[in-house]
Amino acid sequence: MNEGVEWALHSCLNLAWIGEERAVTAARLAAYHELPAPYLNKQLQALVRAGILTSVSGPRGGFRLARGLDRITLMDVVVAIEGPDEAFRCTEIRGQGPGAGTGRPTAECAIADAMGRAELAWRRELAARTLADVRAQAERQAPGAPARIRRWFASA
């Protein structure tokens, strides 16, 4: 999983703490974590295409959450950034090399089966957790973070 998923998740939380009345530019969101703005902008645009964020044009433009954190799962963000494809792709290498035997293997690959089961469990867990869940945990761990983030973004 690329770092864009982490950046997108943090950006969503920051936008929630800033409040829905204010749009924030990609450059400003990137500056908070010292990230490259053009690359973060690509992640934010992917979130817009997925309906997680909205993009507001104009001098007070930027990004806002398109829906509440309780309606955005971690899986929604992962799929928006990484795409819907499975992480593991079996290419059936059992059918190559000296161990290939004759013809294509008939039984399902044990490795593909194990990886598929693990990915299904991972996807189910991500689909079961919302950004509201993550927000609550973050606020328990760092109660002052929301106010600190609001102050930083308001200082622009």
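Yes or no: residue 23 among the small types (Gly, Ala, Ser) and within 26 Å of residue 84 (Cβ to Cβ)? Considered against the rule, which asks whether it is among the small types (Gly, Ala, Ser) and within 26 Å of residue 84 (Cβ to Cβ), residue 23 comes out as no. Every condition in (1) of a type in the set (Asp, Glu); (2) assigned to a loop (DSSP other than H, G, I, E, B); (3) in contact (Cβ under 8 Å) with a residue 24 or more places away in the chain is met by residue 70 except one, and the failing one is (2).
Of all residues in the stretch 123-155, exactly one satisfies the criterion of being in contact with a helix residue (DSSP H, G or I) (Cβ under 6 Å, 6 or more places away or on another chain), open to solvent by 40 Å² or more (accessible area, probe 1.4 Å) and of a type in the set (Gly, Ala, Ser), namely 127. Within the stretch 107-122, residues that are more than 19 Å from residue 1 (Cα to Cα) have Cβ atoms under 7 Å from residues that are of a type in the set (Lys, Arg) and surrounded by 12 or more Cβ atoms within 10 Å (Cβ to Cβ) in these pairs: 109/94, counting only partners at least 6 apart in sequence or on another chain. In this structure, does residue 64 turn out to be touching a Leu at 6+ places or on another chain (Cβ under 9 Å) and among the basic types (Lys, Arg)? Yes: the conditions hold for residue 64.
Applying the criterion of being in contact with a Leu (Cβ under 8 Å, 6 or more places away or on another chain) and among the small types (Gly, Ala, Ser) to the residues of the stretch 5-34, the residue that is surrounded by the most Cβ atoms within 10 Å (Cβ to Cβ) is 11. Filtered by the rule that a residue be in a loop (DSSP other than H, G, I, E, B), among the charged types (D, E, K, R) and touching a residue at least 24 places away in the same chain (Cβ under 8 Å), the stretch 20-58 gives 20, 22.
Of the conditions (1) within 30 Å of residue 140 (Cβ to Cβ); (2) open to solvent by less than 30 Å² (accessible area, probe 1.4 Å), residue 109 satisfies every one except a single condition; which number is it? Every condition holds for residue 109 apart from (1).
The values are calculated or read from the model by the stated rules, or taken from the named source; none is laboratory data. It should be emphasised that the depicted structure is a prediction, and the values quoted were computed from it without experimental measurement. Quick reminder, even Gly has a Cβ in these numbers, built from the backbone with ideal geometry, and neighbours come from all protein chains shown. For the accessible areas, the whole protein counts, side chains as well, though only heavy atoms, and no ligand, DNA or RNA atoms are used. Shrake-Rupley method; radii C 1.70, N 1.55, O 1.52, S 1.80 Å.
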